[in-house]
Amino acid sequence: MADVMEKLVSLCKRKGFVFQSSEIYGGLNGCWDYGPLGVELLRNIKELWWRAMTSREDIEGLDSSILMHPRVWEASGHVENFTDPLVDCRQCKARFREDLLTDDQRTAGQCPVCGKREVLTEPRAFNLMFKTFVGPVADDSARVFLRPETAQGIFVNFLNVQTAMRQKLPFGIAQVGKAFRNEINTRNFLFRTREFEQMEMQFFVMPGTDAEWFAYWRQERWDWFRQIGLPEKRLSWHEHLGDELAHYARAAFDVQYEFPFGPGEIEGIHNRGNFDLSQHEKVSGKALRYFDEQSRAKVLPCVVETSIGASRTLMACLAEAYHEEQVKGENRVVMRFHPRVAPIKAAVLPLVKRDGMPDIARQIAATLRRRYAVFYDEGGAIGRRYRRMDEVGTPFCITVDSQTLSDDTVTVRERDSMAQERVAAEGLGAFLEGRMDAWQHPDEAAA
Ligand code: GAP
């Protein structure tokens, strides 16, 4: 299956989804650039998440800054606890996470890179936060961190948002933004990177109702993954128990996706109790209490957090979409994205470059572009143009042909089934909307 990852990485570069960061300088480990199609794909995923969250009356949006007061990270426990166990190989000088070694490697002190035994140092705690300085003097008093999660911006703004929006418990705050972690080993393409985007939502609830809301949000998030085209058969839960539980969590479940290299976490759902708000109260000296009108008492809410990686979700969508099949003796590569996720929604293609077909096709493309990302292509045989669109996952190809000239209809070819039907050009918008809503994952549609 590693083979699929290689094909995917190569397709991503070739078709403009993802490029290595600073490629002409040899790249920067753990950093990636999203090309024209990748940025559309990423924006669609973020938009679907944002809509799912903020179209509710009980969730507000926020965009807090990446640099925050350094004491935030003392209060949150990141200065003390946000570490991975780092080991060095004395032989080949490679560095890696001790917790990712196999039991045999750990017992033998064996380096996973050079294979030598009894060469590993004792593990030491390595803090994953990137450090930088505010202002011109680079000393400890000016030291700040690039945020390793977006959540803390939400906690410190809890009362600001609640008061400004006159929200009552329970309510949530949602945020999408960059996070940075100085990972010891980056790996698996976009899976573990040093710069990535998170989509986090903290749901503030009355103490004692957190377990109930935790169950509710687990179900909601599971359903969302299905709505963006990840089938249930490749999703699973992983419960954190004992030592695995983060310092802030009362309970935690990951949603895992079955990547070509095995199951990997794409979202963490955590019952954080009142850990964060009580820590920020303690360290800042400012009360973060909610006034409950019913009991006339000030309460410290509990928090249920849903924390998802946008880039990991994008990678899950890419892996899920990649499909090869034989069509009339030829290999067809098709990215079977959910149409709402697909970077380009439709391609408009004049069958030939004459008889006014290009003008009509451009007109149709311009109309559809008001709502969607649309691609216009008049170059090459129609079959080749279809294949190019299959490879980037465009769900609909609209062809203007000689019949269009007489009755204003076009053919719409659907990517997965390759079936074509005639549709009035005027009704294309409504037709595509209906098809997008009705889309089913091809494996589920066949079942
Ligand atoms: N606020 C809680 C929190 O940050 P987390 O489990 O450490 O929890 C949440 O991270 C999500 O962020 C993960 O499920 C993953 O999707 C994404 N993520 C974490 N580290 C990442 C990395 N190095 N590269 C890409 N995505 C990452």
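The values are calculated or read from the model by the stated rules, or taken from the named source; none is laboratory data. This structure is a prediction, so every number in the text was calculated from the model and none was measured. For neighbour counting, all protein chains shown are included, and Cβ atoms are generated from backbone atoms with ideal geometry for every residue, glycine included. Side chains included, ligands, DNA and RNA excluded: accessible areas come from the protein's heavy atoms. Shrake-Rupley method; radii C 1.70, N 1.55, O 1.52, S 1.80 Å.
Pairs meeting the criteria (first residue in the stretch 309-326 and open to solvent by less than 10 Å² (accessible area, probe 1.4 Å), second residue part of a helix (DSSP H, G or I) and of a type outside the set (A, V, I, L, M, F, W, C), beta carbons under 8 Å, at least 6 apart or on different chains) are ALA310/LYS46; LEU314/GLY38.
Among helices (runs of 4 or more DSSP H) entirely within the stretch 23-112, having at least 1 residues that are of a type in the set (Lys, Arg) singles out 36-54, 71-75, 103-108.
Can you pull out every residue in the stretch 18-30 that is within 16 Å of the ligand (Cβ to nearest atom) and either without any contact (Cβ under 8 Å) to a residue 40 or more places away in the chain or surrounded by 15 or more Cβ atoms within 10 Å (Cβ to Cβ) (or both)? Residues satisfying the conditions are VAL18, GLN20, SER21, LEU28, GLY30. Set side by side, the residues GLU47, GLU74, GLU40 differ, and just one is under 28 Å from ALA319 (Cβ atoms) and open to solvent by 80 Å² or more (accessible area, probe 1.4 Å), which is GLU47.
Conditions (1) more than 27 Å from LYS131 (Cα to Cα); (2) in a helix (DSSP H, G or I); (3) within 15 Å of the ligand (Cβ to nearest atom); (4) aliphatic (A, V, I, L, M), marked per residue:
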{"site": "GLN175", "(1), (2), (3), (4)": "no, no, yes, no"}
{"site": "PHE189", "(1), (2), (3), (4)": "no, no, yes, no"}
{"site": "MET199", "(1), (2), (3), (4)": "no, no, yes, yes"}
{"site": "PHE225", "(1), (2), (3), (4)": "yes, yes, yes, no"}
{"site": "ALA249", "(1), (2), (3), (4)": "no, no, yes, yes"}
{"site": "ALA252", "(1), (2), (3), (4)": "yes, no, yes, yes"}
{"site": "VAL255", "(1), (2), (3), (4)": "yes, no, yes, yes"}
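Of the listed requirements (1) closer than 21 Å to CYS397 by Cβ; (2) in a strand (DSSP E or B), ARG272 misses just one: (1). Contact annotation: residue pairs with Cβ atoms under 6 Å, 6 or more positions apart or on different chains, pairing a residue in the stretch 217-243 that is more than 16 Å from GLU265 (Cα to Cα) with a partner that is aliphatic (A, V, I, L, M) and open to solvent by 30 Å² or more (accessible area, probe 1.4 Å), are ILE228/LEU48. Checking the structure you have, find out if any residue of the stretch 431-439 is closer than 28 Å to VAL39 by Cβ and either among the β-branched types (Val, Ile, Thr) or assigned to a loop (DSSP other than H, G, I, E, B) (or both). Checking the stretch 431-439: at least one residue is closer than 28 Å to VAL39 by Cβ and either among the β-branched types (Val, Ile, Thr) or assigned to a loop (DSSP other than H, G, I, E, B) (or both).
The residues in the stretch 315-340 that are of a type outside the set (Ser, Thr, Tyr) and within 20 Å of PRO260 (Cα to Cα) can be counted, and the count is 17. Taken over the stretch 227-246, the residue count meeting the criterion of being open to solvent by less than 70 Å² (accessible area, probe 1.4 Å), closer than 29 Å to HIS78 by Cβ and part of a loop (DSSP other than H, G, I, E, B) is 3. Applying the criterion of being under 30 Å from LEU190 (Cα atoms) and either away from the ligand (no atom under 14 Å from the Cβ) or aromatic (Phe, Trp, Tyr) (or both) to the residues of the stretch 261-274, the residue that is most open to solvent (accessible area, probe 1.4 Å) is PHE261.
Exactly one residue among ARG147, ARG143 is of a type in the set (Lys, Arg), more than 9 Å from the ligand (Cβ to nearest atom), touching a Leu at 6+ places or on another chain (Cβ under 9 Å) and assigned by TED's automatic domain parsing to the domain that holds ARG43, and that residue is ARG147. The set of residues in the stretch 275-322 that are within 16 Å of the ligand (Cβ to nearest atom), assigned to a strand (DSSP E or B) and not acidic (Asp, Glu) comprises CYS302, VAL303, VAL304, THR306, SER307, ILE308, GLY309. Of all residues in the stretch 411-429, exactly one satisfies the criterion of being basic (Lys, Arg) and part of a loop (DSSP other than H, G, I, E, B), namely ARG415. From the list ASP416, ASP390, ASP407, the one residue that fits, being at pLDDT 95 or above, more than 30 Å from LYS13 (Cβ to Cβ) and of a type in the set (D, E, K, R), is ASP407.
The set of residues from the stretch 323-340 being at pLDDT 95 or above and either part of a loop (DSSP other than H, G, I, E, B) or closer than 30 Å to GLY177 by Cα (or both) comprises MET335, ARG336, PHE337, HIS338, PRO339, ARG340.
From the list GLU195, GLU183, the one residue that fits, being farther than 18 Å from VAL303 by Cβ and open to solvent by less than 60 Å² (accessible area, probe 1.4 Å), is GLU183.
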